[in-house]
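Below is one structure, written out as structure tokens; comments come after it.
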Amino acid sequence: MPFLGFACCIGVSSIYFNQPLLLEMAKTFHVTPAHTGFVAVATQIGYALGLFLLVPLGDVVERRGLMMRMFAAVSLALFSVAFVPNVDLLIAASVLVGLFASVTHVALPIAPSLVSHEKRGRAIGIVMTGLLLGILLARTFAGWVSDVSRWQVVFITAGCINALFVPLVWKVMPRLEPAAPVRYGEALRSLWTLFRTQPLLRESSFIGALAFASFSTFWTTMVFLLDRHYGLGPGVAGSFGVLGATGALIAPVAGKLADRRGSRYVIAIGLSILASSYIVLWFFGYHMAGLIVGVILIDVGAQMTQIANQTRIFGIDPGARSRLNTVYMVIYFAGAAMGSALSTIAWVHFEWHGVCALALVFISCAALVHLLSPHTPVAQAHLERRDTVLEA
């Protein structure tokens with residue numbers, strides 16, 4: 001289980017290195033920060049494509065070999081980012097990084113298969129701790145390396161780490177055949193069937209996408225706030241990932257809470273914390289103490305929401321966990337791409353007030369989906385009364 005968390009950490013970190021480096025990239029290629037903001041968007045789009053096209057292979061082929069090939073591919077993509085001559089090729093290479101970094105979600109669905117149903121939330125919490133640390137500490141690593149060297153060194157180093165991970169997967173992991181193998185074409189066609197026939201999957205996906213859109217809104221534009229208001233560089237921007245990483249400690253707690261009290265309860269708490277984080281950032285984001293508190297709250301809220309969502313979707317059909325995760329994560333990272341794209345526009349026109357307002361709109365929409373769900377206690381009571389009447 002810890003090794004799966006490590007694999008998720010290495011895989012997912014590749015798509016977040018660019019966020020604290022957007023200003024440095026803009027200076028290198030002589031373009032505006034709004035232009036390099038699309039590097040972050042391209043990476044998220046590539047990740048969504050990888051989730052749709054590659055992650056379903058976890059229900060089709062042996063997973064250890066699949067993970068090795070994807071780690072090798074993401075290594076080559078990271079090297080290409082370091083050596084591109086212009087911003088257009090940088091954006092194209094970033095799509096490839098995101099595409100193959102989806103190896104994270106080949107590893108993640110393995111976790112709930114290793115434990116009983118009653119411990120599913122705890123298992124996901126353990127592995128998600130590694131994933132969340134990868135998301136947050138990637139920014140710290142990228143920021144400080146670029147402060148002492150060029151931003152390209154970040155991607156060269158990351159490419160070497162991913163390349164070393166190929167033999168490590170071979171040495172540590174056993175062969176992992178799919179639980180109920182299907183043909184690749186059937187796996188892809190079944191994605192729409194799962195989305196259409198599973199209301200809980202749709203609800204979780206939309207809530208996750210909107211919550212992650214709010215998360216990406218902050219992390220994409222924070223480097224602009226630190227530069228404009230504080231005069232601080234990418235190293236400090238990346239250091240905020242350490243603060244956010246303290247929130248990763250909530251992951252196992254959230255998983256246990258989902259096992260005991262139910263996922264809906266944890267989602268409600270997570271969305272409430274996310275909303276409070278942006279209220280803090282809106283009014284106190286121009287003060288360092290307010291910014292620090294806001295960062296911690298954002299990560300705690302986002303992580304609680306994510307773990308609760310994945311705990312319940314992995315319980316739908318154990319034989320289709322890779323495909324369930326594909327549907328969920330494609331929509332989830334489409335939300336991230338939307339948040340990154342709209343946040344750069346909000347920053348250009350309204351700066352920090354626009355960014356915080358946009359994030360609160362995303363969270364409000366997620367809360368609305370949550371409240372209107374047919375799985376609420378009120379809705380369940382209504383359905384039970386209806387069934388009683390029909391039976392009578």
Counting only helical runs of four or more DSSP H residues, what would the 222 nm mean residue ellipticity of the chain come to if each run contributes -39,500 (n - 2.57) and the total is spread over all its residues? -27500 deg cm²/dmol
Accessible-area order (highest first, 1.4 angstrom probe) of the listed residues 113, 146: 113, 146
Distance from region 129-171 to region 1-74 (C-alpha centre basis), Å: 11
Can you tell me the dipole magnitude for the chain around its Cα centre, using point charges on the Cβ only (Lys, Arg +1; Asp, Glu -1), in Debye to the nearest 20? 640
With a 10 Å cut-off between alpha carbons and a GNM built on the chain, which of 143, 270, 65 moves the most? 65
Of (1) 341; (2) 129; (3) 154, which one was derived for volume of the Cα convex hull per residue in Å³ from the structure shown? (2)
Using 12 Å as the cut-off for backbone N distance, which residues of region 139-175 belong to the label zone defined by a point 7 Å from the Cα of residue 83 along Cα→Cβ? 156
Run through all the Cα pairs of region 104-167 and give the fraction in each 10 Å bin from 0, expressed as whole percent. 19, 37, 27, 14, 4
Taking a straight Cα-to-Cα line shorter than 25 Å from residue 119, and setting aside same-chain lysines fewer than 8 residues away, one finds 256
Farthest toward the dipole's positive end in the chain, which of 282, 222, 161, given Cβ charges of +1 (Lys, Arg) and -1 (Asp, Glu) about the Cα centre? 161
Relative contact order for the chain using alpha-carbon pairs under 8 Å, separation at least 6, rounded to a whole percent? 26
In terms of the charge dipole of region 248-361, which places +1 on Lys and Arg and -1 on Asp and Glu at the beta carbon, the residue among 334, 352, 255 farthest towards the positive end is 255
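Quantify, in whole percent, the carbon and sulfur part of the accessible surface of region 189-331 (1.4 Å probe; protein heavy atoms only).
The value for region 189-331 is 68 percent carbon and sulfur by accessible area.
The values are calculated or read from the model by the stated rules, or taken from the named source; none is laboratory data. Everything numeric in this text was worked out from a predicted model, so none of it was measured. Positions of Cβ are generated from backbone atoms using ideal geometry, with glycine treated the same way; all protein chains shown enter the neighbour counts. Side chains are part of the model used for accessible areas, which takes the heavy atoms of the whole protein and leaves out ligands, DNA and RNA. Shrake-Rupley method; radii C 1.70, N 1.55, O 1.52, S 1.80 Å.
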